[in-house]
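Notes for the one structure printed next.
Values quoted throughout were computed directly from the atomic coordinates according to the rules given, and no laboratory measurement underlies them. Small disclaimer: the values here were computed from a predicted structure and weren't measured.
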Amino acid sequence: MEKLILSEQEIINAICVYVSRKKQVKPEEVEVELMYDDDYGFSAEAFVDGRKQVLVAANLIEALRLWLDEFLNRDPYAGIKLVLDDEEGIIAQIA
């Protein structure tokens with residue numbers, strides 16, 4: 001099976017849905033900024049009602065599993081790899 005590539009926007013959408021369910025708000029009410037640091041790896045900041053929540057890589061993977069299962073009808077337990085791409089930004093490769 002070919003690899004599925006999720007764009008930076010799809011990752012942000014997945015995080016918006018993930019955080020919205022945890023905070024019981026609409027996905028449109030969540031703002032997300034993806035980040036990469038050489039020391040700490042991938043993370044994101046999610047803002048809801050002016051409050052910031054930091055998500056670590058494990059949270060990002062959990063959000064992507066939810067997205068794969070509910071929105072793409074794909075195996076949520078497929079291998080997920082976050083990648084920093086020079087042109088595309090932060091993307092996810094799904095095996």
With x for Gly and Pro, the residue-by-residue ³J(HN,Hα) of the stretch 76-86, computed from phi through the Karplus equation 6.51 cos²θ - 1.76 cosθ + 1.60 at θ = phi - 60° and given in whole Hz, is x, 9, 5, x, 10, 10, 7, 9, 8, 9, 4
Those lysines that a straight Cα-Cα span of less than 19 Å connects to K81, excepting residues fewer than 8 apart in one chain: K3
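What relative contact order, as a whole-number percentage, does the chain give when Cα pairs under 8 Å and 6 or more residues apart are counted?
Working: 140 pairs, mean separation 30.2, N = 95.
Computed value for the chain: 32 percent relative contact order.
If you take the Cα Rg of the chain and divide it by 2.2 N^0.38 Å, with N the number of residues, what do you get? Working shown, then result.
On the way: Rg = 12.8 Å, N = 95, 2.2 N^0.38 = 12.4 Å.
The chain yields a ratio of 1.03.
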